[in-house]
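Taking it in order: structure first as structure tokens, then the write-up.
Laboratory data are not the source of any read-out in this text; all were calculated from the coordinates shown. Since this is a predicted model, take the numbers as computed values, not measurements. Note that we place each Cβ from the backbone using ideal geometry, even for glycine, and neighbour counts take in every protein chain shown.
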Amino acid sequence: MLETTLCGIRLKNPTVLASGILGISKESIEKVAKAGAGAVTLKSLCHEERAGHPAPNMFTFEGGMLNAVGLPGQGIYNAISEFRRLDDLSVPVFGSIFGYTEEQFGTVAEKMARLKPALIEVDVSCPHVKYDHPFGTDPEAVRLITQKVKANARNIPVSIKLSPNLHNIANIALAAEEAGADAITAINTVAAMKIDLESRKPILGNRTGGMSGPALKPIAVKCVYDIYKAVKIPIIGTGGVTTGEDAIEMIMAGATAVGIGTACYYHGPQVFSRITQEMEAWMKKHNIRSLDKIRGCSHEN
Amino acid sequence: MKTDLPVMHAITRIKKEAQDMRTIYLKGKLSCKPGQFIMVWLPGVDEKPMAISELRSNEFGFTYHTIGTFTRGLDSLKVGSLLGIRGPYGNSFSQKKKAVVVGGGVGMASVATLIDVLDNPIVIHGAKTKFHILYKDRFKDMIITTDDGSEGEQGFVTVALKRILETKKVNIVYTCGNEFMMKAVVEMCTQYKVPCEASIERYMKCGFGICGACVMGDKVVCTDGPIFTGKELSANLEFGKCARLKTGKRVSLKEYYGV
């Protein structure tokens with residue numbers, strides 16, 4: 001009853017492990033697959049090896065988690081030699097990429113496509129090296145990046161992952177759709193920081209970072225709702241989903257699939273089977289046989 | 001909702017243990033089991049995992065080896081300075097009778113609170129030279145091996161371990177140290193059919209099982225470990241062979257240790 005088709009990819013359920021959580025190695029992907037995820041997203045990769053920011057990189061507070069990991073990663077070339085291919089695992093694997101310039105997004109997409117992921121997710125929330133503001137805040141940059149990635153992704157579907165740290169997320173989603181994106185992943189973390197009173201210093205090594213977890217959910221639901229109104233392509237609704245009812249809410253806002261990340265902190269990778277069981281229980285109770293019956297239903301008058 | 005925020009603790013005393021090795025004691029009661037670790041935040045510098053090496057009623061300590069920016073930062077601290085602490089994290093050692101404890105280098109810090117609670121264990125401590133020996137006054141009867149023979153027996157801890165396994169009834173071997181040493185210990189225990197538990201070190205970021213920085217084969221070291229049985233380690237495809245750098249790149253254990 002939870003079977004979902006996303007950009008032609010058949011998922012046993014709509015839950016997708018969000019990028020940056022556990023998706024490091026083939027063995028860790030399998031671990032999350034066994035725990036019940038419908039698909040797994042790899043940690044983001046660019047053209048080079050990156051060490052990321054000084055620690056503390058992440059900690060949790062009453063509302064969720066703050067992180068400033070700084071996109072560390074082994075780089076696409078090392079990933080190619082470690083993984084060889086991504087289509088031989090027990091769940092569909094999504095490859096997440098980013099670049100420092102619009103051109104690099106295209107180059108990294110071409111390399112990622114060689115690994116045969118089920119979908120390529122594009123993180124446009126990282127700052128542009130030339131302009132020092134995130135690509136994702138500029139519809140023209142998003143349009144260009146989407147075109148570059150699509151041109152290099154062979155026939156692999158492409159999802160553009162958007163940041164909530166902007167004025168009008170629907171406009172950015174529309175720019176991605178017009179440029180050929182097959183899906184939208186919404187949302188990335190919201191900009192945040194925390195100061196320790198005793199040391200009088202920001203706790204994150206990078207001073208500022210992004211917030212995820214339960215406190216992000218209402219923001220994510222609003223973004224998914226706005227994007228659903230603006231575009232026709234499917235949405236991977238991500239942000240604070242911790243329970244089956246949270247996932248149902250995301251689908252009612254218009255999401256096709258549901259990203260899950262920080263929830264692993266509260267319940268471990270087993271949170272996937274927990275969420276899907278809770279979704280099924282809710283559906284049975286309300287006599288809903290397919291998620292198609294409720295997708296976007298909150299938009300009805 | 002659970003939280004994992006660093007809480008500031010004041011330094012009560014600093015003890016020089018050996019060459020380039022110190023124990024920092026912090027004020028407060030910490031509830032933890034032998035083998036668990038904490039995340040230590042030095043504001044403005046970095047945050048690193050550290051084994052708890054001593055537990056008292058109103059203070060706890062961790063022993064560190066000065067090797068980089070973070071530990072040099074720790075060297076500059078004084079009594080009264082503040083450190084942020086998260087944790088304790090991870091699983092813990094079983095506490096069986098008739099145990100042998102093998103500690104290599106600063107790995108000795110990870111088994112120190114275990115030795116405290118065990119009933120008369122045999123302790124083997126391997127160090128580089130006589131200047132690198134830890135806790136000589138704390139564990140008076142330990143067997144010492146040094147690389148250069150400047151104190152105790154010259155050579156590897158496994159030579160002393162082999163002798164004990166051949167002559168004494170041993171129920172379990174606990175170990176922490178350089179992974180090449182632990183691999184040799186695990187292999188020897190397999191050969192002598194003696195159970196074994198080892199404390200594993202990997203590059204860590206979150207400490208609570210979600211970032212994936214510390215994956216070793218199918219295990220997440222910070223939450224599935226850091227203590228693993230010899231059986232688990234023998235079945236692990238990466239133990240004793242490779243580890244991931246700060247960037248996530250998987251390299252040989254030799255490259256990881258920079259040798």
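Select from region B:1-42 the residues that are within 14 Å of chain A (Cβ to nearest Cβ), without any contact (Cβ under 8 Å) to a residue 60 or more places away in the chain and buried (at least 19 other Cβ atoms within 10 Å of the Cβ) and write down the one among them that is nearest to B:Phe60 (Cα to Cα).
Filtering first and then ranking leaves B:Leu26.
If you take the residues in region B:238-253 that are of a type in the set (Lys, Arg) and within 11 Å of B:Met204 (Cα to Cα), which one is nearest to the other protein chains (Cβ to nearest Cβ)?
The residue in question is B:Lys246.
Is it true that some residue in region B:227-235 is within 12 Å of chain A (Cβ to nearest Cβ), at negative phi and not in a helix (DSSP H, G or I)?
No.
Pull up region A:248-270, narrow it to residues that are surrounded by 21 or more Cβ atoms within 10 Å (Cβ to Cβ) and hydroxyl-bearing (Ser, Thr, Tyr), then point me to the one that is farthest from the chain's Cα centre (by Cα).
Among residues in region A:248-270 that are surrounded by 21 or more Cβ atoms within 10 Å (Cβ to Cβ) and hydroxyl-bearing (Ser, Thr, Tyr), the one farthest from the chain's Cα centre (by Cα) is A:Tyr265.
Take the residues of region A:93-119 that are touching a strand residue (DSSP E or B) at 6+ places or on another chain (Cβ under 8 Å) and under 11 Å from A:Thr146 (Cα atoms): which is surrounded by the fewest Cβ atoms within 10 Å (Cβ to Cβ)?
Step by step, filter region A:93-119, then rank; the result is A:Ala109.
Does region A:72-92 contain any residue that is more than 10 Å from chain B (Cβ to nearest Cβ), of a type outside the set (D, E, K, R) and touching a Pro at 6+ places or on another chain (Cβ under 6 Å)?
yes
Report those strands (runs of 3 or more DSSP E) wholly inside region A:20-72 carrying at least 2 residues which are touching a helix residue (DSSP H, G or I) at 6+ places or on another chain (Cβ under 8 Å) and crowded, with 24+ Cβ neighbours inside 10 Å.
A:64-67
Could you check how many residues of region A:178-208 are hydrophobic (A, V, I, L, M, F, W, C) and not in a strand (DSSP E or B)?
7
Of these, A:Ser125, A:Ser96, which one is under 30 Å from A:Ile195 (Cα atoms), touching a Ser or Thr at 6+ places or on another chain (Cβ under 7 Å) and of a type in the set (Ser, Thr, Tyr)?
Only one candidate passes the filter, namely A:Ser125.
For region A:134-165, which residues satisfy the criterion of being in contact with a strand residue (DSSP E or B) (Cβ under 7 Å, 6 or more places away or on another chain) and assigned to a helix (DSSP H, G or I)?
A:Gly136, A:Val142, A:Ile145, A:Thr146, A:Val149, A:Lys150
Please go through region A:10-52 and pick out each residue that is touching a Ser or Thr at 6+ places or on another chain (Cβ under 8 Å), of a type in the set (A, V, I, L, M, F, W, C) and within 7 Å of chain B (Cβ to nearest Cβ).
Within region A:10-52, A:Ile21, A:Leu22, A:Ala51 qualify.
Just checking, how many residues over region B:155-187 are outside any helix (DSSP H, G or I), under 22 Å from the mean Cα position of the chain (by Cα) and surrounded by fewer than 17 Cβ atoms within 10 Å (Cβ to Cβ)?
Residues in region B:155-187 being outside any helix (DSSP H, G or I), under 22 Å from the mean Cα position of the chain (by Cα) and surrounded by fewer than 17 Cβ atoms within 10 Å (Cβ to Cβ): 2 in total.
Being exposed (fewer than 13 other Cβ atoms within 10 Å of the Cβ) and either of a type in the set (S, T, N, Q) or under 18 Å from the mean Cα position of the chain (by Cα) (or both) is the filter here, so list the residues in region B:233-259 that pass it.
Across region B:233-259, the qualifying residues are B:Ser252, B:Tyr257.
Report whether or not B:Gly73 is of a type outside the set (D, E, K, R), assigned to a loop (DSSP other than H, G, I, E, B), within 14 Å of chain A (Cβ to nearest Cβ) and out of contact with any Gly (no Cβ under 8 Å at 6 or more places or on another chain).
Taking the combined requirement at face value, the residue does not satisfy it.
All but one of (1) surrounded by 18 or more Cβ atoms within 10 Å (Cβ to Cβ); (2) of a type in the set (Ser, Thr, Tyr); (3) under 24 Å from A:Leu119 (Cα atoms) hold for A:Ser273; which doesn't?
So A:Ser273 meets the others, but not (1).
Could you go through region B:94-116 and let me know if any residue there is in contact (Cβ under 8 Å) with a residue 40 or more places away in the chain, farther than 26 Å from B:Val159 by Cα and either buried (at least 19 other Cβ atoms within 10 Å of the Cβ) or more than 14 Å from chain A (Cβ to nearest Cβ) (or both).
no
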